Amino acid sequence: MIPHDTLIQHIQQKNIASYLHRFSRLLSSLSEHRWAADGYADVRNAHVQLLRNLDPGGTRNTVLAQRAQITKQTMGRLVRELTEAGYVSITPDPSDSRAQQVQLTERGQQFLVYLVSTLSDLEQAFVSTVGDYRYADFITTLHDLLHFVEQRHQQLSQQQ
(Lines give C-alpha, C1' and ligand atoms only; values in the text may rest on other atoms or scores of the structure.)
Protein backbone atom coordinates (compact mmCIF):
# COMPACT_ATOMS: atom_id res chain seq x y z
CA MET A 1 0.00 0.00 0.00
CA ILE A 2 1.24 3.51 -0.86
CA PRO A 3 1.73 5.76 2.20
CA HIS A 4 -0.76 8.60 2.58
CA ASP A 5 1.98 11.28 2.48
CA THR A 6 3.26 9.91 -0.84
CA LEU A 7 -0.25 9.97 -2.32
CA ILE A 8 -0.86 13.56 -1.22
CA GLN A 9 2.55 14.67 -2.51
CA HIS A 10 1.85 13.06 -5.89
CA ILE A 11 -1.59 14.70 -6.09
CA GLN A 12 -0.14 18.10 -5.23
CA GLN A 13 2.74 17.85 -7.71
CA LYS A 14 0.92 16.26 -10.66
CA ASN A 15 -2.46 17.99 -10.50
CA ILE A 16 -2.79 20.68 -13.18
CA ALA A 17 -6.23 21.63 -11.87
CA SER A 18 -4.69 22.40 -8.49
CA TYR A 19 -2.02 24.61 -10.09
CA LEU A 20 -4.60 26.46 -12.19
CA HIS A 21 -6.91 26.91 -9.22
CA ARG A 22 -4.09 28.27 -7.05
CA PHE A 23 -2.90 30.55 -9.87
CA SER A 24 -6.44 31.84 -10.39
CA ARG A 25 -7.03 32.53 -6.70
CA LEU A 26 -3.72 34.35 -6.28
CA LEU A 27 -4.25 36.37 -9.44
CA SER A 28 -7.78 37.28 -8.31
CA SER A 29 -6.48 38.48 -4.98
CA LEU A 30 -3.72 40.56 -6.58
CA SER A 31 -6.21 42.04 -9.04
CA GLU A 32 -8.67 43.02 -6.34
CA HIS A 33 -5.90 44.67 -4.30
CA ARG A 34 -4.83 46.71 -7.31
CA TRP A 35 -8.41 47.67 -8.14
CA ALA A 36 -8.94 48.84 -4.56
CA ALA A 37 -5.75 50.89 -4.62
CA ASP A 38 -6.87 52.50 -7.88
CA GLY A 39 -10.33 53.49 -6.61
CA TYR A 40 -12.41 50.41 -7.41
CA ALA A 41 -12.56 48.81 -3.97
CA ASP A 42 -16.18 47.77 -4.49
CA VAL A 43 -15.43 45.49 -7.47
CA ARG A 44 -14.55 41.82 -7.01
CA ASN A 45 -13.59 39.23 -9.58
CA ALA A 46 -17.09 37.75 -9.42
CA HIS A 47 -18.44 41.11 -10.60
CA VAL A 48 -16.22 40.92 -13.69
CA GLN A 49 -18.15 37.79 -14.70
CA LEU A 50 -21.25 39.96 -14.93
CA LEU A 51 -19.59 42.96 -16.58
CA ARG A 52 -17.81 40.94 -19.28
CA ASN A 53 -21.07 39.26 -20.31
CA LEU A 54 -23.15 42.42 -20.78
CA ASP A 55 -24.35 43.24 -24.28
CA PRO A 56 -24.06 46.92 -25.34
CA GLY A 57 -27.84 47.38 -25.25
CA GLY A 58 -28.33 45.52 -21.98
CA THR A 59 -28.82 41.89 -21.03
CA ARG A 60 -31.37 39.98 -18.98
CA ASN A 61 -30.27 38.56 -15.65
CA THR A 62 -31.06 34.99 -16.77
CA VAL A 63 -28.87 35.36 -19.87
CA LEU A 64 -26.03 36.78 -17.78
CA ALA A 65 -26.28 33.80 -15.41
CA GLN A 66 -26.15 31.34 -18.32
CA ARG A 67 -23.15 33.06 -19.88
CA ALA A 68 -21.25 33.21 -16.59
CA GLN A 69 -22.30 29.63 -15.77
CA ILE A 70 -23.65 30.55 -12.35
CA THR A 71 -27.11 30.36 -10.80
CA LYS A 72 -29.73 33.03 -11.39
CA GLN A 73 -29.74 33.73 -7.65
CA THR A 74 -25.99 34.34 -7.60
CA MET A 75 -26.23 36.58 -10.66
CA GLY A 76 -29.10 38.44 -9.01
CA ARG A 77 -26.86 39.16 -6.01
CA LEU A 78 -24.04 40.39 -8.27
CA VAL A 79 -26.47 42.63 -10.18
CA ARG A 80 -27.78 44.06 -6.91
CA GLU A 81 -24.24 44.75 -5.63
CA LEU A 82 -23.11 46.42 -8.85
CA THR A 83 -26.34 48.42 -9.07
CA GLU A 84 -25.83 49.73 -5.51
CA ALA A 85 -22.21 50.60 -6.39
CA GLY A 86 -23.27 52.43 -9.56
CA TYR A 87 -21.64 50.17 -12.20
CA VAL A 88 -24.90 48.91 -13.74
CA SER A 89 -28.52 49.95 -13.85
CA ILE A 90 -31.71 47.94 -14.26
CA THR A 91 -34.21 49.00 -16.91
CA PRO A 92 -37.40 47.44 -18.30
CA ASP A 93 -36.83 45.09 -21.23
CA PRO A 94 -38.36 46.76 -24.32
CA SER A 95 -39.37 43.37 -25.77
CA ASP A 96 -41.07 42.07 -22.60
CA SER A 97 -42.55 44.42 -20.02
CA ARG A 98 -42.32 41.72 -17.33
CA ALA A 99 -38.55 41.36 -17.74
CA GLN A 100 -35.67 43.65 -16.86
CA GLN A 101 -32.32 44.31 -18.48
CA VAL A 102 -29.01 45.04 -16.83
CA GLN A 103 -27.14 47.90 -18.49
CA LEU A 104 -23.68 49.34 -18.00
CA THR A 105 -23.49 52.83 -16.48
CA GLU A 106 -20.80 55.42 -17.14
CA ARG A 107 -18.93 54.22 -14.04
CA GLY A 108 -19.16 50.65 -15.30
CA GLN A 109 -17.78 51.71 -18.67
CA GLN A 110 -14.92 53.53 -16.94
CA PHE A 111 -14.09 50.38 -14.99
CA LEU A 112 -14.02 48.27 -18.18
CA VAL A 113 -11.60 50.72 -19.81
CA TYR A 114 -9.47 50.59 -16.67
CA LEU A 115 -9.68 46.76 -16.64
CA VAL A 116 -8.34 46.54 -20.19
CA SER A 117 -5.31 48.60 -19.19
CA THR A 118 -4.65 46.43 -16.12
CA LEU A 119 -4.88 43.27 -18.23
CA SER A 120 -2.32 44.74 -20.59
CA ASP A 121 -0.05 45.53 -17.63
CA LEU A 122 -0.47 41.98 -16.36
CA GLU A 123 0.40 40.47 -19.72
CA GLN A 124 3.55 42.61 -19.85
CA ALA A 125 4.53 41.43 -16.37
CA PHE A 126 4.10 37.80 -17.43
CA VAL A 127 6.14 38.36 -20.60
CA SER A 128 8.86 40.02 -18.52
CA THR A 129 8.88 37.00 -16.22
CA VAL A 130 8.97 34.16 -18.78
CA GLY A 131 9.73 35.83 -22.11
CA ASP A 132 7.65 36.37 -25.26
CA TYR A 133 8.03 32.87 -26.66
CA ARG A 134 7.22 30.99 -23.45
CA TYR A 135 4.24 33.24 -22.70
CA ALA A 136 2.83 32.83 -26.23
CA ASP A 137 3.39 29.07 -26.01
CA PHE A 138 1.66 28.98 -22.61
CA ILE A 139 -1.38 30.83 -23.95
CA THR A 140 -1.61 28.56 -27.01
CA THR A 141 -1.31 25.46 -24.85
CA LEU A 142 -3.89 26.74 -22.40
CA HIS A 143 -6.34 27.43 -25.26
CA ASP A 144 -5.78 23.92 -26.64
CA LEU A 145 -6.34 22.30 -23.25
CA LEU A 146 -9.41 24.44 -22.59
CA HIS A 147 -10.86 23.42 -25.96
CA PHE A 148 -10.22 19.75 -25.13
CA VAL A 149 -11.90 20.03 -21.72
CA GLU A 150 -14.88 21.97 -23.15
CA GLN A 151 -15.42 19.27 -25.78
CA ARG A 152 -15.30 16.54 -23.14
CA HIS A 153 -17.73 18.48 -20.96
CA GLN A 154 -20.10 18.93 -23.90
CA GLN A 155 -19.95 15.21 -24.71
CA LEU A 156 -20.78 14.29 -21.12
CA SER A 157 -23.63 16.81 -21.04
CA GLN A 158 -25.13 15.30 -24.19
CA GLN A 159 -24.99 11.78 -22.71
CA GLN A 160 -27.09 12.78 -19.71
Worksheet item: Cα centroids of region 1-60 and region 79-152: how far apart, whole angstrom?
Response: 13 Å
Practice prompt. Please get the size of the charge dipole for the chain, origin at its Cα centre, with Cβ charges of +1 on Lys and Arg and -1 on Asp and Glu, quoted in debye to the nearest 20.
Written response: 460 debye
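At R0 = 30 Å, how high is the FRET efficiency between V127 and Q69 if r is their beta carbon distance? Nearest 0.05 is fine.
Details: r = 29 Å, r/R0 = 0.98.
Using R0 = 30 Å, I get an efficiency of 0.55.
Relative contact order, percent, of region 27-160 when contacts are C-alpha pairs under 8 Å separated by at least 6 residues? Spell out each step's value before the answer.
On the way: 107 pairs, mean separation 22.2, N = 134.
In percent, rounded to a whole number, it is 17.
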Practice prompt. Answer rounded, prolate or oblate for region 55-105, using the Cα gyration tensor with square roots of eigenvalues a ≥ b ≥ c: rounded when a/c is under 1.5, else prolate when a/b is larger than b/c, else oblate.
Written response: oblate
Fill in: Spin-label pair S18/R77, simplified geometry with 7 Å Cα→Cβ offset, distance in nm
2.8 nm
Item to complete: Determine the order of L112, L146 by accessible area, beginning with the largest, at a probe radius of 1.4 Å.
Response: L146, L112
Worksheet entry | L20 accessible area, 1.4 Å probe, all protein chains in place, Å² to nearest 10 | 70 Å²
Worksheet, complete the sentence: Here, chymotrypsin sites (Phe, Trp or Tyr not before Pro) of region 6-84 satisfying both criteria (DSSP loop; at most 12 other Cβ within 10 Å) are none
Practice prompt. Would you tell me the accessible area of S128, worked out with a 1.4 angstrom probe on the heavy atoms of the protein chains, in Å² to the nearest 10?
Written response: 100 Å²
Practice prompt. Counting only C-alpha contacts under 8 Å and six or more residues apart, can you give the relative contact order of region 41-82 as a whole percent?
Written response: 41 percent
Discussion item. Taking amide H atoms as placed 1.01 Å from N in the peptide plane, list the residues 5 or more away in sequence, or in a different chain, whose amide H sits under 5 Å from that of V88.
Written reply: T83, T105
Item to complete: Roll a 1.4 Å probe over the protein chains and send me the accessible area per residue for the chain in Å².
Response: 73 Å²
Fill in: Amide H contacts under 5 Å for R60, placed H, 5+ residues apart
V102
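Return the calculated 222 nm mean residue ellipticity for the chain, to the nearest 500 deg cm²/dmol, obtained by summing -39500 (n - 2.57) across DSSP H runs with n ≥ 4 and dividing by the residue count.
Values: 7 runs with 115 residues, N = 160.
One gets -24000 deg cm²/dmol as the mean residue ellipticity at 222 nm.
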Worksheet item: Based on Cα positions only, what radius of gyration and what Dmax would you give for region 90-156, in angstroms?
Response: 19.3, 53
Item to complete: Heads up, I need the accessible area for D144: 1.4 angstrom probe, whole protein in place, Å², nearest 10.
Response: 90 Å²
Worksheet entry | region 1-100: trypsin sites (Lys or Arg not before Pro) in DSSP coil with no more than 15 other Cβ atoms inside 10 Å | R52
Item to complete: Would you grab the residues whose amide H sits under 5 Å from the one on D93? Only those 5+ places off in sequence or on another chain, please, with H modelled 1.01 Å from N.
Response: A99, Q100, Q101
Worksheet item: For region 89-104, what does the Karplus curve 6.51 cos²θ - 1.76 cosθ + 1.60, with θ = phi - 60°, yield as ³J(HN,Hα) per residue in whole Hz, taken in order and with x for Gly and Pro?
Response: 10, 10, 10, x, 6, x, 8, 7, 5, 7, 9, 10, 10, 9, 10, 6
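The values are calculated or read from the model by the stated rules, or taken from the named source; none is laboratory data. This structure is a prediction, so every number in the text was calculated from the model and none was measured. We place every Cβ from the backbone using ideal geometry, glycine too, and count neighbours over all the protein chains shown. For the accessible areas, the whole protein counts, side chains as well, though only heavy atoms, and no ligand, DNA or RNA atoms are used. Shrake-Rupley method; radii C 1.70, N 1.55, O 1.52, S 1.80 Å.
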